[in-house]
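The values are calculated or read from the model by the stated rules, or taken from the named source; none is laboratory data. A quick note: this is a predicted structure, and the numbers were derived from the prediction, not measured. Positions of Cβ are generated from backbone atoms using ideal geometry, with glycine treated the same way; all protein chains shown enter the neighbour counts. All accessible areas refer to the heavy atoms of the entire protein, side chains included, with ligands and DNA or RNA removed. Shrake-Rupley method; radii C 1.70, N 1.55, O 1.52, S 1.80 Å.
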Amino acid sequence: QAKRGGRGSVQVFHKSMDAAVHGQLHLETRLRHALDSGGLHLHYQPQVDAGTGDLLGFEALVRWTDARLGLVAPARFVPLAEEAGLIGQLGAWVLDEACRQAAAWDLRVPIAVNVSALEVAQEDFTQRVHDTLRRHGLDGGQLKLEITERLTVQDLQRVARQLAQVQALGVQLSLDDFGTGQSSVSTLLQLPLNELKLDRSLITGVAESPIEQRVVGALIGLGRSLNLTVIVEGVETPGQLQALRELGCGAVQGYLVGRPGPASMWTPQLGGPLPLELPERGGAEGGE
Ligand code: C2E
Ligand code: MG
Ligand code: MG
Ligand code: MG
């Protein structure tokens, strides 16, 4: 009797598996199409000095709007690209486009590009970064790479070697999503880095939670003791910004400062007076 029931559930399981696998394959086909036909674009989000609002950089974030599927989130298609062996092609496109834009803007601050450790592990990564910088006439210092370790990379030492070569070009290296399972203290110990980027999940309650304040304060101290700049992502409220300033946070990024948008949205502001406007120190939230 167990067998009969079992077979029934196996069939149901297979059907939903089929649907899931079919969905993934379909998505993969569409992604390949987008990669081959110029279907991706980039949005940019400012990174600013937490105290003054001075622009410190722009993070490039990939966007994909498929004609049939609509907007697909990077959280969905970047991991798919990694699994389907498309991350090299995706990453090469993002790097080239971000560098093209940085050159067009003639920024004095770096453009930050997300790379997965899997991509960095590829044989030609260092060469690709070097060639892309040269193609667009950029110095290494005009580029920052934000590294995430979504999949476990077998050979983190190799990643570290490649990153050291890229760093030697003057490129800044940031460990993204620090404080989540994807980005740990052991990664911090093994990679050459210039910046620590605290994940937004760490600061959601930082305005009111004493324990979050202590944890974030300790992580800022950790970064400082390692001579790393510390940037906090996902800052949405004046209360969070105020708390982060009091904890000695140097740099922030988030909807409060500016939402990611196409380059055309930022170009007019770059011609005008910087810094971008930040809420007053202590402003509506009281404080100091
Ligand atoms: P990430 O690098 O940690 O990027 C930050 C994410 O938080 C972005 O989501 C951004 O749009 C979002 N964000 C920024 N400010 C706020 C805020 O104040 N509140 C909230 N709730 N969210 C905020 P997005 O663009 O959906 O990207 C998700 C992830 O996908 C990125 O996380 C990154 O890991 C990956 N990704 C994005 N673009 C690329 C890319 O070009 N290459 C690679 N390899 N990965 C990418
Ligand atoms: Mg990032
Ligand atoms: Mg991040
Ligand atoms: Mg994140």
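Considering only residues of the range 115-132 that are aliphatic (A, V, I, L, M) and open to solvent by less than 10 Å² (accessible area, probe 1.4 Å), which is nearest to ligand 2 (Cβ to nearest atom)? Even if it seems obvious, please write down each step before you answer.
Taking the range 115-132 as the starting set, the residues that turn out to be aliphatic (A, V, I, L, M) are 115, 117-118, 120-121, 129.
With open to solvent by less than 10 Å² (accessible area, probe 1.4 Å) added as a condition, the list becomes 115, 117, 120, 129.
Working: Val115: 9, Ala117: 13, Val120: 14, Val129: 17 Å.
Filtering the range 115-132 for residues that are aliphatic (A, V, I, L, M) and open to solvent by less than 10 Å² (accessible area, probe 1.4 Å), the one nearest to ligand 2 (Cβ to nearest atom) comes out as Val115.
Tell me which residues, restricted to the range 142-159, are of a type in the set (D, E, K, R) and either within 16 Å of ligand 4 (Cβ to nearest atom) or open to solvent by less than 40 Å² (accessible area, probe 1.4 Å) (or both). Quick ask: steps written out before the conclusion?
Of all residues in the range 142-159, those of a type in the set (D, E, K, R) come to 144, 146, 149-150, 155, 158.
Lys144, Glu146, Glu149, Arg150, listed by residue number.
Just one of (1) farther than 18 Å from Ala34 by Cβ; (2) under 16 Å from the mean Cα position of the chain (by Cα) trips up Leu90, so point out which.
Result: Leu90 fails condition (1) only.
Looking at the range 45-73, I want the residues that are over 27 Å from Leu241 (Cα atoms) and have a partner that is assigned to a strand (DSSP E or B) and of a type in the set (Asp, Glu) with Cβ atoms under 8 Å, at least 6 apart or on another chain. Which pairs are those?
That search, which allows pairs on different chains as well, returns Val72/Asp66.
Could you grab me the full set of residues in the range 164-186 that are more than 16 Å from ligand 3 (Cβ to nearest atom) and either among the aromatic types (Phe, Trp, Tyr) or in contact with a strand residue (DSSP E or B) (Cβ under 6 Å, 6 or more places away or on another chain) (or both)? Lay out the reasoning, then the answer.
The first filter runs over the range 164-186 and keeps only residues more than 16 Å from ligand 3 (Cβ to nearest atom), leaving 164-171, 185-186.
Matches in the range 164-186: Gln167, Val171.
Within the range 74-96, work out how many residues are more than 16 Å from ligand 4 (Cβ to nearest atom), open to solvent by 40 Å² or more (accessible area, probe 1.4 Å) and within 30 Å of Pro268 (Cα to Cα).
Selection size over the range 74-96: 2.
Only one of Leu163, Leu143, Leu198, Leu202 is closer than 27 Å to Ala103 by Cβ and within 14 Å of ligand 1 (Cβ to nearest atom); which?
Details: Leu163 fails: within 14 Å of ligand 1 (Cβ to nearest atom); Leu198 fails: closer than 27 Å to Ala103 by Cβ; Leu202 fails: closer than 27 Å to Ala103 by Cβ.
Answer to the check: Leu143.
Picking from Asp199, Asp139, which residue would you name as being over 18 Å from Leu118 (Cα atoms) and open to solvent by less than 30 Å² (accessible area, probe 1.4 Å)?
Values: Asp139 fails: open to solvent by less than 30 Å² (accessible area, probe 1.4 Å).
That would be Asp199, the only listed residue that is over 18 Å from Leu118 (Cα atoms) and open to solvent by less than 30 Å² (accessible area, probe 1.4 Å).
If we scan the range 34-45, do we find a residue that is modelled with pLDDT of 75 or more, part of a strand (DSSP E or B), open to solvent by less than 70 Å² (accessible area, probe 1.4 Å) and of a type in the set (A, V, I, L, M)? First the steps, then the outcome.
Taking the range 34-45 first, the residues modelled with pLDDT of 75 or more are 34-45.
Checking the rest, the ones that are also part of a strand (DSSP E or B) come to 40-45.
Among the residues that remain, those that are also open to solvent by less than 70 Å² (accessible area, probe 1.4 Å) are: 40, 42-45.
This time we only want the ones that are of a type in the set (A, V, I, L, M), so: 40, 42.
The answer is yes, given that some residue of the range 34-45 is modelled with pLDDT of 75 or more, part of a strand (DSSP E or B), open to solvent by less than 70 Å² (accessible area, probe 1.4 Å) and of a type in the set (A, V, I, L, M).
How about the range 108-133: which of its residues are more than 15 Å from ligand 1 (Cβ to nearest atom) and among the acidic types (Asp, Glu)?
Glu123, Asp124, Asp131 - these are the residues of the range 108-133 that are more than 15 Å from ligand 1 (Cβ to nearest atom) and among the acidic types (Asp, Glu).
Do the conditions hold for Leu56, that is, is it within 16 Å of ligand 3 (Cβ to nearest atom) and either assigned to a strand (DSSP E or B) or open to solvent by 10 Å² or more (accessible area, probe 1.4 Å) (or both)?
Details: within 16 Å of ligand 3 (Cβ to nearest atom): yes; either assigned to a strand (DSSP E or B) or open to solvent by 10 Å² or more (accessible area, probe 1.4 Å) (or both): yes.
Yes, satisfied.
Taking Val215 as the residue in question, decide whether it is open to solvent by 30 Å² or more (accessible area, probe 1.4 Å), of a type in the set (A, V, I, L, M), under 22 Å from the mean Cα position of the chain (by Cα) and modelled with pLDDT of 95 or more. So that I can check it myself, show each step before the final result.
Numbers: open to solvent by 30 Å² or more (accessible area, probe 1.4 Å): yes; of a type in the set (A, V, I, L, M): yes; under 22 Å from the mean Cα position of the chain (by Cα): yes; modelled with pLDDT of 95 or more: yes.
For Val215, the condition - open to solvent by 30 Å² or more (accessible area, probe 1.4 Å), of a type in the set (A, V, I, L, M), under 22 Å from the mean Cα position of the chain (by Cα) and modelled with pLDDT of 95 or more - is met.
Does any residue of the range 247-269 turn out to be within 16 Å of ligand 4 (Cβ to nearest atom), farther than 25 Å from Val120 by Cα and in a helix (DSSP H, G or I)?
No, because not a single residue in the range 247-269 is within 16 Å of ligand 4 (Cβ to nearest atom), farther than 25 Å from Val120 by Cα and in a helix (DSSP H, G or I).
At pLDDT 95 or above, more than 16 Å from ligand 3 (Cβ to nearest atom) and among the hydrophobic types (A, V, I, L, M, F, W, C), is that true of Leu189? Quick ask: steps written out before the conclusion?
Working: at pLDDT 95 or above: no; more than 16 Å from ligand 3 (Cβ to nearest atom): yes; among the hydrophobic types (A, V, I, L, M, F, W, C): yes.
Taking the combined requirement at face value, the residue does not satisfy it.
Based on this model, can you work out whether Leu228 counts as within 22 Å of Phe58 (Cβ to Cβ) and within 21 Å of the chain's Cα centre (by Cα)?
On the way: within 22 Å of Phe58 (Cβ to Cβ): yes; within 21 Å of the chain's Cα centre (by Cα): yes.
It is true that Leu228 is within 22 Å of Phe58 (Cβ to Cβ) and within 21 Å of the chain's Cα centre (by Cα).
Please find, within the range 202-212, the residue that is farthest from the chain's Cα centre (by Cα) out of those that are within 16 Å of ligand 4 (Cβ to nearest atom) and open to solvent by 20 Å² or more (accessible area, probe 1.4 Å). Let's see the steps before the verdict.
Initially, the range 202-212 is screened for residues within 16 Å of ligand 4 (Cβ to nearest atom), giving 202-204, 206.
Still in the list and also open to solvent by 20 Å² or more (accessible area, probe 1.4 Å): 202, 204.
Numbers: Leu202: 16, Thr204: 18 Å.
Filtering first and then ranking leaves Thr204.
Which residues, counting only those in the range 160-180, are open to solvent by 20 Å² or more (accessible area, probe 1.4 Å) and within 16 Å of ligand 2 (Cβ to nearest atom)?
Scanning the range 160-180 gives Gln172, Asp177, Gly179, Thr180.
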